[in-house]
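Step one of this worksheet: look at the structure below.
The values are calculated or read from the model by the stated rules, or taken from the named source; none is laboratory data. Here the structure is a predicted model, which is why all the values come from computation and not from measurement. FYI the Cβ positions are ideal-geometry reconstructions off the backbone, even for glycines, and counts take in every protein chain you see.
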Amino acid sequence: MTVPSWVPIRDELRNEEPYGAPQIDVPVRLNTNENPYGPSEKAAADIAGAVHQAALELNRYPDREAWALREALAAYLGHGLTADRVWAANGSNEVMQQILQAFGGPGRTVLSFAPTYSMYPEYARNTHTRWVAGRRREDFAIDVPAAVALVEAEQPDVVFLTSPNNPTGTALAPEELRAVLDVAPGMVVVDEAYAEFRREGTPTALELLAGHPRLIVTRTMSKAFALAGGRLGYLAADPAVVDALRIVRLPYHLSSVTQATALGALRHTDELLAQVDALRTTRDETADWLAERGYDVAASDANFVLFGHFPDRHAVWEGLVDRGVLIREVGPDGWLRVSIGTPEEMQAFRAALMEVGPR
Ligand code: PMP
């Protein structure tokens, strides 16, 4: 895409594409790491009731600080967190952009380790922050000595670590995070969008918040919480870091409808998270099935599996779409990512992949 010359867009944006996975209407959608199980009728009715109450006051601006929601999110996270240590926005995408608006910017650097979430360089571009990407190891783990050396050399204002990482599913060990925290001069962000899916024994970075005031842990209700349509992301950090973010946020950025929806969903936490265990089991079964058929499979703590290698991954992706199964063409060359769906959806994926075969 090229923006026409009469549209006075910034030069560096003229040939850019709007970000997004293809939204193709096929029966089996396993491409954006959503929870395949929607809220029950009861939960939906409760959320609708909360939204109804909010609707009666839509003439008023929402609570600018979203206190009730932040209290509920802090209670959900545990670890002794309180509302002043939690911040929320429209998806963790907005949370991350606010982080770069506050801590990045012209003359500043954000560092991450590729392959990783493809939106990070876009947040950097949009906030005029210099983007530097180190490489992960062959097994997609962070190469700690190389990472430490790169942080020391680049002195980044912000480091993005992702655990579990998208698109690889790789979790970050606490000693790896500690090594980066020890040398990073600025903020260290651990993006835990998929944290609820982590395997037994994989810790969360929330445990390191006490004692590391420049650590930020971001989460989202889009994945395990089955609320991608609600657009609610959040973070936990030191209260002074939260206050820094309040400086860059737009006034009333979280609508009263969004706040009511998220609060309604949080009242049904147990139900909405009920399928997480089943999804983890299906994830492990999917990884085993792929490995048994000779594919390379990245070890995953998330609700997706990266597998390869295909000489022509696009042909495989297309073959699956032709059979009504949409997965994601993302990550290093030759690899594909499949989100974990219902057992029926995974059966359709397996059947389609068998037909398409290795290309
Ligand atoms: N971080 C990671 C690693 C992701 O994969 C995603 C969604 N694909 C996000 C953040 C953003 O999610 P949301 O804006 O829906 O919270």
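Which condition number does G80 fail, the rest of (1) touching an Asp or Glu at 6+ places or on another chain (Cβ under 9 Å); (2) away from the ligand (no atom under 16 Å from the Cβ); (3) within 24 Å of Y194 (Cβ to Cβ) being met?
(1)
Please count how many residues of the stretch 21-38 are in contact (Cβ under 8 Å) with a residue 12 or more places away in the chain, within 16 Å of the ligand (Cβ to nearest atom) and assigned to a loop (DSSP other than H, G, I, E, B).
Number satisfying all stated conditions: 10.
Could we say that W87 is within 16 Å of the ligand (Cβ to nearest atom) and modelled with pLDDT of 95 or more here?
Working: within 16 Å of the ligand (Cβ to nearest atom): yes; modelled with pLDDT of 95 or more: yes.
Yes; evaluated as a whole, the condition is true for this residue.
Would you mention how many residues in the stretch 86-118 are of a type in the set (S, T, Y) and in contact with a Gly (Cβ under 6 Å, 6 or more places away or on another chain)? Don't jump to the end; show me each part of the working.
Applying the first criterion (of a type in the set (S, T, Y)) to the stretch 86-118 yields 92, 109, 112, 116-118.
Okay, now just the ones that are also in contact with a Gly (Cβ under 6 Å, 6 or more places away or on another chain), so 92.
Of the residues in that region, 1 qualify.
Under 7 Å by Cβ, and 6 or more places apart or on different chains, what pairs join a residue from the stretch 343-355 that is buried (at least 19 other Cβ atoms within 10 Å of the Cβ) with one that is of a type in the set (A, V, I, L, M, F, W, C) and assigned to a helix (DSSP H, G or I)?
Pairs that qualify, where the first residue is buried (at least 19 other Cβ atoms within 10 Å of the Cβ) and the partner is of a type in the set (A, V, I, L, M, F, W, C) and assigned to a helix (DSSP H, G or I), are A352/L320; L353/L320.
Do any helices (runs of 4 or more DSSP H) lying entirely in the stretch 213-284 carry at least 3 residues that are modelled with pLDDT of 95 or more, and which ones are they?
On the way: elements: 239-248, 256-266, 269-272.
Result: 239-248, 256-266.
Considering only the stretch 173-212, how many residues are hydrophobic (A, V, I, L, M, F, W, C) and outside any helix (DSSP H, G or I)? Working first, answer last.
Step one: of the stretch 173-212, the residues hydrophobic (A, V, I, L, M, F, W, C) are 173, 177, 179-181, 183-184, 187-190, 193, 195, 197, 205-206, 208-210.
Next, from what is left, pick out any that are outside any helix (DSSP H, G or I): 173, 184, 187-190, 193, 209-210.
Summing the residues that are hydrophobic (A, V, I, L, M, F, W, C) and outside any helix (DSSP H, G or I) in the stretch 173-212 gives 9.
Filtering the stretch 90-105 down to residues that are away from the ligand (no atom under 15 Å from the Cβ) and touching a strand residue (DSSP E or B) at 6+ places or on another chain (Cβ under 7 Å), which residue is nearest to R64 (Cα to Cα)?
Within the stretch 90-105, the subset away from the ligand (no atom under 15 Å from the Cβ) is 101-105.
Subsequent filtering for residues that are touching a strand residue (DSSP E or B) at 6+ places or on another chain (Cβ under 7 Å) retains 103-104.
On the way: F103: 21, G104: 24 Å.
Here the residue is F103.
Would you point out the residue of the stretch 211-251, among those that are charged (D, E, K, R) and within 12 Å of the ligand (Cβ to nearest atom), that is surrounded by the fewest Cβ atoms within 10 Å (Cβ to Cβ)? I'd like the intermediate steps shown before the answer.
Keep residues of the stretch 211-251 that are charged (D, E, K, R), which gives 214, 219, 223, 231, 238, 243, 246, 249.
Subset that is within 12 Å of the ligand (Cβ to nearest atom): 219, 223, 231.
Details: R219: 29, K223: 27, R231: 20.
So the residue we want is R231.
Identify the residue in the stretch 148-160 that is out of contact with any Lys or Arg (no Cβ under 9 Å at 6 or more places or on another chain) and surrounded by 24 or more Cβ atoms within 10 Å (Cβ to Cβ) and, among all such residues, is nearest to A298 (Cα to Cα).
F160
If a residue must be in contact (Cβ under 8 Å) with a residue 12 or more places away in the chain and part of a loop (DSSP other than H, G, I, E, B), how many such residues does the stretch 122-142 contain? Please lay out each step first, then the result.
If we filter the stretch 122-142 for residues that are in contact (Cβ under 8 Å) with a residue 12 or more places away in the chain, which is where we start, we get 122-136, 139-142.
Now narrow it down to the ones that are part of a loop (DSSP other than H, G, I, E, B): 127-129, 136, 139-142.
Counting residues in the stretch 122-142 that are in contact (Cβ under 8 Å) with a residue 12 or more places away in the chain and part of a loop (DSSP other than H, G, I, E, B) gives 8.
Only one of S163, S118, S112 is surrounded by fewer than 18 Cβ atoms within 10 Å (Cβ to Cβ) and under 18 Å from the mean Cα position of the chain (by Cα); which?
Numbers: S163 fails: surrounded by fewer than 18 Cβ atoms within 10 Å (Cβ to Cβ); S112 fails: surrounded by fewer than 18 Cβ atoms within 10 Å (Cβ to Cβ).
Result of the check over S163, S118, S112: S118.
Anything in the stretch 172-191 that is within 20 Å of D284 (Cβ to Cβ) and within 16 Å of the ligand (Cβ to nearest atom)? List them, or say none. Before you say what the answer is, go through the steps one by one.
Here is the first cut: in the stretch 172-191, the ones within 20 Å of D284 (Cβ to Cβ) are 172-173.
Matches in the stretch 172-191: L172 only.
How many residues does the stretch 170-203 hold that are free of Cβ contacts under 8 Å to residues at least 60 places away in the same chain and either among the polar types (S, T, N, Q) or crowded, with 19+ Cβ neighbours inside 10 Å (or both)? If you could, list the steps in order and put the result at the bottom.
The initial filter retains those residues of the stretch 170-203 that are free of Cβ contacts under 8 Å to residues at least 60 places away in the same chain, namely 172-185, 188, 190, 192, 195, 200-201, 203.
If we keep only those that are either among the polar types (S, T, N, Q) or crowded, with 19+ Cβ neighbours inside 10 Å (or both) as well, we get 172, 177, 180-181, 184, 188, 190, 192, 195.
Going through the stretch 170-203 one residue at a time, the tally reaches 9.
With the structure loaded, tell me whether R125 is surrounded by fewer than 23 Cβ atoms within 10 Å (Cβ to Cβ), closer than 21 Å to G331 by Cα, in contact with an Asp or Glu (Cβ under 8 Å, 6 or more places away or on another chain) and among the basic types (K, R) or whether it fails that test. Before you say what the answer is, go through the steps one by one.
Values: surrounded by fewer than 23 Cβ atoms within 10 Å (Cβ to Cβ): yes; closer than 21 Å to G331 by Cα: yes; in contact with an Asp or Glu (Cβ under 8 Å, 6 or more places away or on another chain): yes; among the basic types (K, R): yes.
It is true that R125 is surrounded by fewer than 23 Cβ atoms within 10 Å (Cβ to Cβ), closer than 21 Å to G331 by Cα, in contact with an Asp or Glu (Cβ under 8 Å, 6 or more places away or on another chain) and among the basic types (K, R).
Limited to the stretch 52-69, what total is found for residues that are within 24 Å of A226 (Cβ to Cβ) and more than 16 Å from the ligand (Cβ to nearest atom)? Outline the logic, then answer.
Residues of the stretch 52-69 that are within 24 Å of A226 (Cβ to Cβ), as a first pass: 52-55, 62, 66, 68-69.
Now restrict to residues that are more than 16 Å from the ligand (Cβ to nearest atom): 52-55, 62, 68.
Total meeting the criteria: 6.
Quick check, is R280 in contact (Cβ under 8 Å) with a residue 12 or more places away in the chain, over 27 Å from R199 (Cα atoms), of a type in the set (D, E, K, R) and not assigned by TED's automatic domain parsing to the domain that holds P164?
Values: in contact (Cβ under 8 Å) with a residue 12 or more places away in the chain: yes; over 27 Å from R199 (Cα atoms): no; of a type in the set (D, E, K, R): yes; not assigned by TED's automatic domain parsing to the domain that holds P164: yes.
No; evaluated as a whole, the condition is false for this residue.
Filtering the stretch 151-169 down to residues that are assigned to a loop (DSSP other than H, G, I, E, B) and farther than 19 Å from S92 by Cα, which residue is farthest from the ligand (Cβ to nearest atom)? Walk me through it before giving the result.
First pass over the stretch 151-169, keeping only residues assigned to a loop (DSSP other than H, G, I, E, B): 155-157, 163-169.
Keeping just the survivors that are farther than 19 Å from S92 by Cα gives 155-157.
Working: Q155: 25, P156: 18, D157: 19 Å.
Only one residue tops the list, namely Q155.
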